[in-house]
Amino acid sequence: MLSKFLIVLTLIVSSFSQLNQPFSDPPKDQLVLFTSNKDAIVNEEYLEKFKQFANTNELKYVVHHIASGAPEEITLTPTIVFMNTIGRSYYYGRPTNFNRLRTFVRTSRLLHTNPVTNTKENHLVWNSNRATITAPLKITNLNGTLKNSFDQEEFIKCSKEAASKGMQKFKIQESFDQLASNRAFYMNLYPYKGEKNTLAITGEIYSQFNCIDPIYKCMDKPLVEGKWSKRAKLFEEAGKKLEEVVVNLIETSAKPDAFSTIPIATKTIGWERFILESASLKNTPTTTQTTTKIPRHWAVEQIKSTTQPVGAFSFFAPLNGYAGEIKNLTGKLSLNEQGSLSNAQGSFEVQIEDITMGDLGFDKEVHYKMLDRNNHPSSTFIFEKVTGPSSPLKLETPQEIEVTGQFTLKGKSIPLTVPATLTPVYSEEGELRLEVTTAYTLDLFSNFKVKGPDGPSPARDMLKFFMKFSLKPLGSN
């Protein structure tokens, strides 16, 4: 029988003093799976899929059992962490969703999700060993037979207090720090008052990994029902039942939302145990700048990499777990007559179908509900002004510019200014290319009335982008 756990390889980082030189054999990026004996989904079949996934995506994989310790930031298992020589990112998704895991890996190669602290107030919190589990509780306005003077705000306040009273593990905490390592279950209760002074309460629970499809649903019949005069007790009972569902899901379920909290007594180890070794350096002659004439007209080169997209995006923390990639890009760029970027002309286009978050449910929501793909199948950016050096481009010499233009999404155009760095280089195949990198932010809600995932503003309204792609001389193959 295959062993469930693999021995961690401890690697030492070599000198980084010559990182500006090319690598002969680049180190593989690394995917680390932290697990324990309690993780029902991490069985032999899953480990084989994890191994195949890592190999397909050119990753070194490590399966680390917490019996030998875990870094302080790892509070539950299974947890997956992507690492490369510039940092690490924590996977925000179900371990069994390999499509989303693939998108996570590809976007992390461009843009790491840095952990941040987000202070929350008056939330249901369950501190279990190292882990903190939260349960944001939403109670909708009372529907049904109501008096005109009914106070919805006071009703919701009292109902939340009653529901929390019915819970044994979750307790209202006035203030706490929401970290990337925390887990959350979103509880919704829907009260209805009948004509005969009765109260029926239905409910749903959503995973933090999917705000579209509930992991528990009791809508066809009441979760609890009874006399209106006993409403406090009814909400108490409803809270108790929702907590029981969550506890069962965490502790006894083999579903992908299940997890095990790491005991306080677990040894804390450092990340140096998982550091990648650097690659050996090679000395290759570079083409002198005087021998290379930089063409004026360029077009986007279709990406050749199977492991890295042309762009990555994510919402702002604490919602930066909602991230995705831009798989393809088209466009052209023309330098001015002197061969410089000042007042260059250009336009770029992304098809909405080439935007993915690695989950079919999410993609459907993003494409059709958020971005109206049926009526507006693409998004464009057309240059109006480029501010930058007036000197001609030179081989292997980066130039920084600011591009102002019209950005169009959902049929609406807005002015947008983005910074970019462009560098003429020779590719590994000896072909002249213009490497482009850019990072910018976009306010989806203010500009396009696109609502992001549940969470605080402005984090849910803002997207940050990082793009890295190559242009080839127009007319070349």
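Bear in mind these aren't lab numbers, they're just calculated from the coordinates by the rules spelled out. Nothing here was measured: the structure is a model prediction, and the numbers come from that model.
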Dividing the mean separation of Cα pairs under 8 Å (6+ apart) by the residue count of the range 299-366 yields a relative contact order in percent of 27
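Subtract the Cα-Cα distance of S149 and E73 from 0.36 nm times their separation in residues, and report this length gain in nm to one decimal.
Between S149 and E73, full extension yields 22.4 nm more.
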Using Cα Rg over 2.2 N^0.38 Å as the read-out, say which of (1) 1.15; (2) 1.65; (3) 1.35 was calculated from these coordinates. (1)
Please tell me which of these pairs span more than 28 angstrom C-alpha to C-alpha: K28/K410; K49/K451; K171/K364; K165/K227? K28/K410; K49/K451; K171/K364
